[in-house]
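Each remark here refers to the structure printed beneath this line.
Throughout, read-outs are computed from the coordinates displayed, never taken from laboratory work. Since we're looking at a predicted model, the values are computed, not measured. Positions of Cβ are backbone-derived with ideal geometry, glycine not excepted, and every protein chain shown enters the neighbour counts.
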Amino acid sequence: MDVKAFGLTHVGRQRQHNEDAFLVENDARLFLVADGMGGHAAGEIASRIAVDSISEFILHTKEDDGTWPHAYDEHFRRSTNRLMAALRMANTRVLEAMRKDARLRGMGTTVVAALADEQTVSVAHVGDSRAYLIREGQLSRITNDHSWVFEQVQAGMLTEAEAEKHPLRNVITRALGGALQVTPDASEIDARPGDVVLLCSDGLTGMVPESEILRIVTANDSDLEQACRQLIDAANERGGLDNVTAVLVRAM
Ligand code: CA
């Protein structure tokens, strides 16, 4: 399928550094958002390593060469497996960087990735950066956060509303750089013309309610750049407590 995409990031109104990174690679139809963490600029390095290594992997492997050094999950298409392998490779790269430079110890990054082929958008993620599908005026969350509060919601210990305000809402349970092996979650969207996929960091979803995200994206249906700007403005108008990143991908 043909896709059109636009991405934007902003430091927000409270932070000194932007530890988010994103990629819009129209030729490969690869789209990424990563949200790094770690002191002394390490968060910026972690998210940059993730974005660079995932794009390098996708640009240098082919759909039909099944020679990736990772397990193949029969539940998913080849392109989805390729994307999951790219995330696992990025985990290794983040770990390698920490091994080489002690100042980077403890860094990590989330990532949410979308890779489109002829019919399908593959989505894979680690951490609490999210993907949403906006279709026919409805917004649905594609990813489940790898976060402590989300696990509590799933276990029935917290409501969604309590989770949003919880002091531990920023604690993530899975990240690139967090362990020797990482398991990305994946899903596949049978895309229809007009579908919009939003990839974003928690600097957006932590500040702007989903109803407002939906309103902004649908109000700027034909102008993805304008939609991205308004999403970032909305996060900053509500305090801009975190770095904020949005990538919008529209199926044509
Ligand atoms: Ca963040």
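With the requirement that a residue be in contact with a Ser or Thr (Cβ under 8 Å, 6 or more places away or on another chain) and either hydrophobic (A, V, I, L, M, F, W, C) or assigned to a helix (DSSP H, G or I) (or both), what does the stretch 93-111 give you? Scanning the stretch 93-111 gives R93, V94, V111. Restricting the stretch 51-63 to residues that are in contact (Cβ under 8 Å) with a residue 12 or more places away in the chain and part of a loop (DSSP other than H, G, I, E, B), the residue that is surrounded by the fewest Cβ atoms within 10 Å (Cβ to Cβ) is E63.
For the stretch 31-50, residues that are surrounded by fewer than 22 Cβ atoms within 10 Å (Cβ to Cβ) and either assigned to a strand (DSSP E or B) or polar (S, T, N, Q) (or both) total 1. Scanning the stretch 152-203 for residues that are within 18 Å of the chain's Cα centre (by Cα), under 29 Å from N220 (Cα atoms) and within 16 Å of the ligand (Cβ to nearest atom) returns L198, L199, C200, S201, D202, G203. Can you go through E188, E212, E225, E160 and tell me which one is out of contact with any strand residue (DSSP E or B) (no Cβ under 9 Å at 6 or more places or on another chain) and in contact (Cβ under 8 Å) with a residue 12 or more places away in the chain? After applying the criteria, what remains is E212.
Looking at the stretch 140-149, can you tell me whether even one residue there is under 16 Å from H10 (Cα atoms), of a type in the set (G, A, S), within 15 Å of the ligand (Cβ to nearest atom) and crowded, with 18+ Cβ neighbours inside 10 Å? No, every residue in the stretch 140-149 fails to be under 16 Å from H10 (Cα atoms), of a type in the set (G, A, S), within 15 Å of the ligand (Cβ to nearest atom) and crowded, with 18+ Cβ neighbours inside 10 Å.
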